[in-house]
Amino acid sequence: MSIKDVARKQLEVIGLPPATAPERPHGLIEPILYPFRRGEMPEVQPPVGFFTDTSVCIGCKACQVACKEWNLLQAAETGLSGKSYDNTLALSAEEWRHVKFIELFDEMPLPPPPLKPTANFDDFDIKKLLDEPKVGHWLMMSDSCKHCVSAPCQLACPTGAIVHTEFANVLIQPDICNGCSSCIASCPFGVITRSAADGHSYKCTMCYDRLHDGLEPACARACPTWAINFGPIDAIKQQAEARVKQLQDRGVSQAYLYGDAATDQYSALHNFYLLLAEPGVYGLPDQAANPHNHLAGDYLRAALGLLLALAVLVAAFALVGG
Amino acid sequence: MSGLGTSFGFGACTNFPRDLVNSDCILVMGSNMAESHPVGFLWPTLAQQSGATLIHVDPRYTRTSAAADVHVTIRPGADLAFLGGIVRYIVANNRHFEEYVVHYTNAATILSPEYGMDPATGLFAGFNPATSTYDLLPESWDYVMEPGPDGAPAQPKTDPTLQDPQCVFQVLKRHFDPYTPETVANICGCRPEDVVKVAELLCRNSGRERTSAIAYSLGWTQHGTGPQIIRTAAIVQLLLGNIGRPGGGIIALRGHANVQGATDIPTLFNTLPNYLPMPHALPAQATLADYLANGHSSGARRGNVDDGLWKMDVTRGSWTNLPKYTISLLKAWYGDAATAGNEFGYQWIPKLDEDLSEMSYFIKMHRGQVKGLFLFGQNPAVGGPNARLQRDAMRKLQWLVAVDLFETESASVWYADPEGPDPKTVPTEVFLLPAAAITEKEGSLTNTERLVQWHDRAVDPPGDCHSDLWYVYQVGKRLKQLYAGSGLARDAAIRNLTWDYDDEAAAQPGEPDAEKVLRELNGYHTATGKHLKSAGELAGDGSTACGSRLYAGIFPDPEHNLARRLDGAVNPAGIFADWGWAWPGNSRVLYNRASADPQGRPWSERKKLVWWDEAQGRWTGDDVPQFETTTPPTYQPAPDATGMAAIAGDAPFGAHFDGRGWLFTPFGMADGPLPVHYEPLESPFMNALGSQQSSPLTVILQDPLNPLSPPGDPDYPLVATTYRITEHYLSGAMSRFNSWLVELQPAMFVEISPALAAARGVKNLDWVVVSTLRDEIEARALVTERMQPLTVEGRPAHVVGMLWGFGYRGEAVGESANVLSPMSLSPDADIQGTKSFACQLRAGRLGDERHVPALPMAPLPLIDLPVRQTPWAGQPEGSEQHVD
């Protein structure tokens, strides 16, 4: 069977007729009523997400490029940043994946002492040599939208453009987005940016279009060392826990999971990571904050503040008048 | 290639990259595997997850180093010394795998009493300063051969106890004795502890139960001592018993998906397809009979053109098949015109009388002695050593044909070179022919693991784009037409060339059928046209034709192109036996006889691969045995046995006449039977291990544009090295025209340490000028602690690291580092020494304006054709263009 036959068979399996776009509303009434209509809810699917094991990331940026290719995102005009091998520098409307590079080098060891004549190999402490830590670390991390279980951006969005899909990932529907930037302000990870071209907000969609067809996101597909693992949340959590344990058993005590579980201040993430240093080293918040956690209190405080201001005003008038 | 070929028999990667999953320890050296082979790097990553130790020894701390468990920084060009230190550790501490070494290597063989090596100079006995070759004592590297009974041909004299002072093992021990940890540290700039640490890790991960692998790439080959560096690694792996074993071997990572294919079916000047020696213009090879008797001597002669130890290859081991290989090749090329009566057309093959490797003919080109050049996807203006000379040379051609996807630096060398002359003064007529991309043509790729994979055409090439095969086929057709009426003897070769590969099913006439080419490579019986089923069917009487003896069996009948196979079943050894087809005979691990002990049992259950099945009387296992199938392990050849019958049942290296892996190469390496550390041609440091500064057989190509700075030149005190990064591919001819890759790495830069930066008053991102005696370039500096100053011979050694993949065409343009590198030919391989040469660095920019316009970023690649069969859900959802 040739590769052409294999491909043809796959298309047959997926084979849906070329679908058409939903019809635009016509006439006088429909365009007004249309936004309030609720279509059929898609059937809820098992939640899926990413477990990114940064300990095996080689910083190749295949994820970054695959995302661009699949989503046809415009290339940015970058310049040499001087910041390690990272020239794209941040997530944006055109960069939905961004590989971070962090060089961690302590004071380099001094040059070796003056030489002795031919060594007796017994002079070397083999055990000490084999146990000595590695000099220098270069951490790499493929950053993207965290697809928070309780997402501040989704809570903040006034138009309902941001939704959790049937796969439980966070999706911005750019045609509904009005460009108000509330989502950008509320994301603790700095993931979202408005496009300079059309003013809408954009971010990683977890390849929602591919998920419909049972395909994994383009970045996970492209990752050569299986750093980006995609699958049902339960399965990848198990995988992540096993990997952390494996690393810690081998003496890599600094390995831990970030975002796999909810904290008392923030929900779990459906794009969680295995990290090898504190979150701050990776430019991630040590403790992400969800502004909506204290919204009720904020409203109350605002109301009380208003009352206090009114009271002060009334008192002032009374004093002046009296 | 020559390092591996002389050590083991085949100059190719011994194991397959996925086999690294089975390794207990992996040494990556002379390679930046994670950046240059990211897809293959999955295997070392998985190996680590199973507990393997990954070691990276390299001048820089790269993305491979980030993944490794151990990283050691060494000076570029000092690799041989480091490996020599490992050899010394193994033999001084008796950590070698004794049973393997005694039976499977030539450790026990006694050497000629004439053999000698002077550690004070670093030269072997018999060096002729007049010719710069070792031709004064042509027999000094030979084995002592003992005559058999009744005058039967001799066998090597051996001492299986390895005690005889003149046996290879003891000679090896003495040879590497100077490579103490301190001496090596002094040369390499590492700590003595680093040598011991790496050596110890390899030792404790080798033996019956454990195996270690070494992976290398251009960081080893592109040195003046390249083949000898690889020889040293081969010695390490033979001593540790890692060759022919799962998770062991030497992974030669080739730099391109089809380089293996390009050397198998080569346009190399000095081999006929599949590594048959190129006939030389010598009386001793004047006729076909002469060639078959003396052809094995290429690279082995050292003065003897018709006799020498290499003559053993004529009667023992697989090279006895040279007549079958050669005559079948001639029948493939010349068809019915090749007969026994005209030596099968042997006289139509041009004979070699000088070095015509790429650099050599570029020098000739520079002198106006070469009229025309075809470049198929090759960009010497950026990738060639001493690129300035290469560019200048191409402007002396009468005509230049570039077949490529973009107008590269080489295709535009006549007008776009910022250092070039006024285009009106350039006489070269340049033809830029549009090439089809990989998905637009059918054919095969032969990758690093000798695996041949077929690919079909997915789309038709646009416009006038054609495959390389089409272009070559068409050129051949036109040449045949032109010479059809010529009666001249010298045109007979073209007239008689078989050249019918027409694809009858194609819409366009003149389209070649790649499978017809494959059929010729596979071979067929000339009388019946039936495909050969294996190399075993090759005959030396003209009854078979075969364009590529190693590929025989890949196309056993017209319905089964085994390179097309896509069976994803994997066996316990991690081998996808029915995916594609690997040479030879689909064996995936070369020399896998060595995975079993002399009695034919696996060395251990954990490391079994092939073994002897007594009941069936054949070798079997998880890989196709790369051994005579029915020869039992206990087989001892008769003294006068010939061919493969001369190879014992416990001799895994059948391409060698003694069936053994060569720790000591009695022939094949012109510059020495054992590796010696020499300094690169241009080096700020003097050789600490001998008065001979650099390899005496290195050919320095004389040209006004190729001056070399003398060793220790204070004007060029820094060590330059060149490399690729993941984001760009080779000379950037494909990647710097791709906006999505350009945004990742938009500019040329050089990497230097903070110490060097401080010494030169350079801050991160400042412009710097890097210079050698040949040229200067300007680039931005990336100041990083991943570059580390070393202490070599008591003084600082600073390394300047440069990307070599930039040029003056594309969306990202920049200076080419290769205008700085020198041209020279390494002995045995004719490879350039571009991974270490001397340079200087200063802050600032070049005075003259070298503004090179970059192409604008490409607009968003909209699909303007209707996208068929893609459901609504499949449309890219997040794109700005995603509207109904």
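The values are calculated or read from the model by the stated rules, or taken from the named source; none is laboratory data. The structure displayed is predicted, hence computed values, not measured ones. With ideal geometry, Cβ positions are generated from the backbone for all residues, glycine too; neighbour counts draw on all protein chains shown. Heads up: the accessible areas ignore ligands, DNA and RNA and are worked out on the full protein's heavy atoms, side chains in. Shrake-Rupley method; radii C 1.70, N 1.55, O 1.52, S 1.80 Å.
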- B:GLU614 - accessible surface, heavy atoms, 1.4 Å probe, Å² rounded to 10: 140 Å²
- Note on the structure: Taking a straight Cα-to-Cα line shorter than 16 Å from B:LYS364, and setting aside same-chain lysines fewer than 8 residues away, one finds B:LYS396
- Note on the structure: Any residue on another chain or 5+ positions along whose placed amide H is under 5 Å from the amide H of B:THR53 is listed here as B:CYS25, B:ILE26
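Would you mind telling me the share, in percent, of accessible area of the range B:425-562 contributed by carbon and sulfur at probe 1.4 angstrom? Spell out each step's value before the answer.
Details: 3800 of 6820 Å².
Solvent-exposed carbon and sulfur of the range B:425-562 make up 56 percent of the total.
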- Expressed to one decimal in nm², the mean projection of the alpha carbon convex hull of the range B:594-669 is 5.9 nm²
- Classify chain B: rounded, prolate or oblate, from the alpha-carbon gyration tensor (a ≥ b ≥ c, eigenvalue square roots; a/c under 1.5 rounded; otherwise prolate if a/b is larger than b/c)? rounded
- Message: Using a 1.4 angstrom probe on the protein heavy atoms only, could you order B:GLU727, A:GLU40 from most to least accessible area?
- Response: A:GLU40, B:GLU727
- Task: Provide A:LYS203, B:LYS424, A:LYS127 ordered by accessible surface of protein heavy atoms (probe 1.4 Å), highest first.
- Result: B:LYS424, A:LYS127, A:LYS203
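Does the range B:32-94 classify as rounded, prolate or oblate by the C-alpha gyration tensor (a ≥ b ≥ c root eigenvalues; a/c under 1.5 gives rounded; else a/b over b/c gives prolate, otherwise oblate)?
Numbers: a/c = 2.63, a/b = 1.44, b/c = 1.83.
In terms of gyration-tensor shape, oblate.
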- Looks like the range B:720-846, by Cα gyration tensor root eigenvalues a ≥ b ≥ c and the a/c under 1.5 rounded cutoff (else prolate when a/b is bigger than b/c, oblate otherwise), is oblate
- Task: Sorted from largest down, give the three principal axis spans of the alpha carbons of the range B:768-823, whole angstrom values.
- Result: 43, 27, 17
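Which percent of the Cα-Cα distances in the range B:639-745 go past 16 Å? Let's see the in-between values first.
Values: 4322 of 5671 pairs.
Across the range B:639-745, Cα pairs with separations above 16 Å total 76 percent.
What's the buried accessible area, both sides, between B and A using a 1.4 Å probe, rounded to 100 Å²? Could the numbers behind the result be given before it?
On the way: alone 34530 and 20930 Å², together 48570 Å².
The buried area between B and A, both sides summed, comes to about 6900 Å².
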- Residue ranges of DSSP H helices in chain B that stretch 15 Å or more (Cα, own long axis) and have mean Kyte-Doolittle hydropathy of at least 0.0 are B:79-92, B:192-204, B:226-239, B:322-334
- Query: Binned at 5 Å from 0, what are the whole-percent values of the Cα-Cα distance distribution for the range B:491-622, short to long?
  - Reply: 2, 9, 14, 15, 16, 14, 11, 7, 4, 4, 2, 1, 0
- Item | For the protein assembly as shown, alpha-carbon Rg and Dmax in angstrom | 32.6, 140
- Message: Which residue fluctuates most in the GNM of chain A (Cα springs below 10 Å): A:ALA227, A:ALA296, A:ALA261?
- Response: A:ALA296
- Message: With a 1.4 Å probe and all protein chains left in place, how much of the accessible area of the range B:238-309 comes from carbon and sulfur atoms, in whole percent?
- Response: 60 percent
- Message: Per residue, how much accessible surface does the range B:460-511 expose to a 1.4 Å probe? Answer in Å², no decimals.
- Response: 64 Å²
- Message: Could you compute how much accessible surface B:SER836 exposes when probed at 1.4 Å, giving the result in Å² to the nearest 10?
- Response: 10 Å²
- Which residues of the range B:765-799 end up with at least 30 Å² less accessible area in the presence of all protein chains than when their chain stands alone, using a 1.4 Å probe? B:LEU765, B:LEU782, B:GLU785, B:ARG786, B:GLN788, B:THR791
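What ranking of B:SER444, A:SER142, B:SER691 comes out by heavy-atom accessible area, probe 1.4 Å, highest first?
Values: B:SER444 45, A:SER142 5, B:SER691 90 Å².
The ordering from most to least exposed comes out as B:SER691, B:SER444, A:SER142.
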- When the charge dipole of chain B is computed with +1 at the Cβ of Lys and Arg and -1 at the Cβ of Asp and Glu, the Cα pointing farthest to the positive end, of B:MET29, B:ALA152, B:HIS531, is that of B:MET29
- Message: Ratio of alpha-carbon Rg to the 2.2 N^0.38 Å globular estimate for chain A, to two decimals, please.
- Response: 1.32
- Item | Spatial separation of Cα centroids for the range B:454-521 and the range A:199-236, in angstrom | 45 Å
- To the nearest 10 degrees, the tilt of helix A:295-321 (Cα long axis) against the first principal axis of the alpha carbons of chain A is 50 degrees
- Query: Which whole-number value in Å² is the accessible area per residue of chain A, probe 1.4 Å?
  - Reply: 54 Å²
- Using modelled amide H (1.01 Å from N, peptide plane; none on Pro or chain starts), what sits under 5 Å from the amide H of B:SER824, excluding residues fewer than 5 places away? B:GLY833
- Message: If you average the alpha carbon positions of the range B:759-799 and of the range B:269-311, how far apart do those two centres end up, in angstrom?
- Response: 47 Å
- Compute, for A:VAL320, the solvent-accessible surface of its heavy atoms (probe 1.4 Å) with the complete set of protein chains present, and express it in square angstrom to the nearest 10. 120 Å²
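For B:ALA120 and B:ASP502, what is the calculated FRET efficiency with R₀ set at 60 Å and r taken between the beta-carbons, to the nearest 0.05? Can you show the working numbers first?
On the way: r = 65 Å, r/R0 = 1.08.
It comes to 0.40.
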- Query: Considering only protein heavy atoms and a 1.4 Å probe, what is the carbon-and-sulfur percentage of the accessible area of the range B:717-776?
  - Reply: 62 percent
